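Worksheet: one structure, shown below.
Only the coordinates and a few stated rules stand behind these numbers; no lab work does. Please read all numbers here as calculations on a predicted model, not as lab measurements. So basically every Cβ, Gly included, is an ideal-geometry build from the backbone, and we count neighbours across all protein chains shown.
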Amino acid sequence: MIASVLVDSLVYGSTLSFLAVGLTLTYITLKLANLAYGEFVVVGTYVVSSLILGMGLPLPISAYAASPLGFLAGSIVALASYLLIFRPLFRSSASPTTLLIASLALSIAIRGLLYVYTDVFFLTTNVDLYNIYWRQLDYTLLGLPARLYFIVGFVVLFNVVLYLLLTKTKFGVAMRASIENPGLASSLGIDVERVYLVAWMISGGLAGFAGSILPLHVIVSSPDAGWMLLLSIFAASIVGGLGSIYGSLIGGFLIGVAEIMGTYYLSLYMGFPPNLRLAIPFGLIIVTLLIVPSGLSGIMGRGKIGRRV
């Protein structure tokens, strides 16, 4: 039982780590706390699930194979959101509050469209997209579920690629400069807009990728799943240090482990109701903001947002 909880903690923590990075990317570009980010995750879930269940593809191999499609779907939705909604508002000097409200409206709109889509999909194909759950179908390798190797492997690969991108390429240098001082970067000839476009595509892609493999370890009961996941993603980003990519990676892992392991041990020894699991990330947000508002990146002494990338 403890081994199973540990595996779930590693899988969930790894998933939250790159989701927190995606949320952070939207923040460091437009200073936007994107409340629609959870819906980007569910878009990946429903695009991949529609393909798999609609065509009767074998599970779980098709879920792993179709994860790049989830990445693509999330990238497209995030890019469209940026081009059609957030960039025009940002260019018109909209306040952070206005951008936040716009993201909330987008969240509600996407969720509503997903509800309509699931109903139409059922009427036309007789395939139910509610309560999607493939955990019991997953492969086992050396006594451990395949999702553990897949997700942890992706996080390791993502870390390596991200480090090389930010430190060893001209685009990485341009990205760091654009984040720290967009005006100065633009005056030096850096295409700040292109940097923002790529950042949003990566952000949405990470969300869509996570969504495509989400049913392998948690149940996606409805389009509301993204909204329920959002608090944990925000907690990961805040604990890591909102504005720090590397801090978000660490924060996501810590929040995931704390949420799963904390719920298990508190329910085992103190009768903590498992349905109040989200109280753990919520409590960690409060503690972080009260004690170390800048999160883990602040503890490590990395000053400005641009330097904390």
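Across every direction, the projection of the convex hull enclosing the Cα atoms of the stretch 18-101 has a mean area of 5.8 nm². Note on the stretch 54-168: the C-alpha convex hull projects to 10.9 nm² when averaged across all orientations. With the helix formula -39500 (n - 2.57) applied to DSSP H stretches of n ≥ 4, the chain reaches a computed 222 nm mean residue ellipticity of -24000 deg cm²/dmol. Stokes-Einstein, applied to the Kirkwood radius of the chain over Cα pairs at a viscosity of 0.692 mPa s and 37 °C, places its translational diffusion at 166 µm² s⁻¹. Over all pairs of different C-alpha atoms in the stretch 203-309, the reciprocal of the mean inverse distance, the Kirkwood hydrodynamic radius, equals 14.8 Å. What the phi angles of the stretch 248-262 give under the Karplus curve with 6.51, -1.76 and 1.60, with θ = phi - 60°, is a coupling list of 5, 4, 5, x, x, 5, 5, 5, x, 5, 5, 5, 6, 5, x Hz, glycine and proline written as x. From most to least packed by mean Cβ count within 10 Å, the peptides 63-73, 253-263 give 253-263, 63-73. Look at the dipole of the stretch 2-308 built from charges on Cβ: of 200, 62, 92, the Cα furthest out on the positive end belongs to 92. Need one number: nm distance between label points at residue 282 and residue 184, each 7 Å from Cα along Cα→Cβ, rounded to one decimal. Result for the modelled spin labels: 4.2 nm.
Converting phi to 3J(HN,Hα) with the Karplus coefficients 6.51, -1.76 and 1.60 and the offset θ = phi - 60°, the stretch 38-47 yields x, 5, 4, 4, 5, 4, x, 4, 6, 5 Hz in sequence order, with x at every glycine or proline. How tilted is helix 170-180 with respect to the longest principal axis of the chain? Cα atoms for both, answer in degrees (0 to 90, nearest 10). With both axes taken from Cα atoms, the answer is about 80 degrees. Relative to the Cα centre, the charge distribution of the chain, modelled as +1 at Lys and Arg Cβ and -1 at Asp and Glu Cβ, gives a dipole magnitude of about 920 debye. The phi-based Karplus calculation (6.51 cos²θ - 1.76 cosθ + 1.60; θ = phi - 60°) puts the 3J(HN,Hα) values of the stretch 186-194 at 5, 5, 8, x, 7, 7, 4, 4, 5 Hz, whole numbers, x for Gly and Pro.
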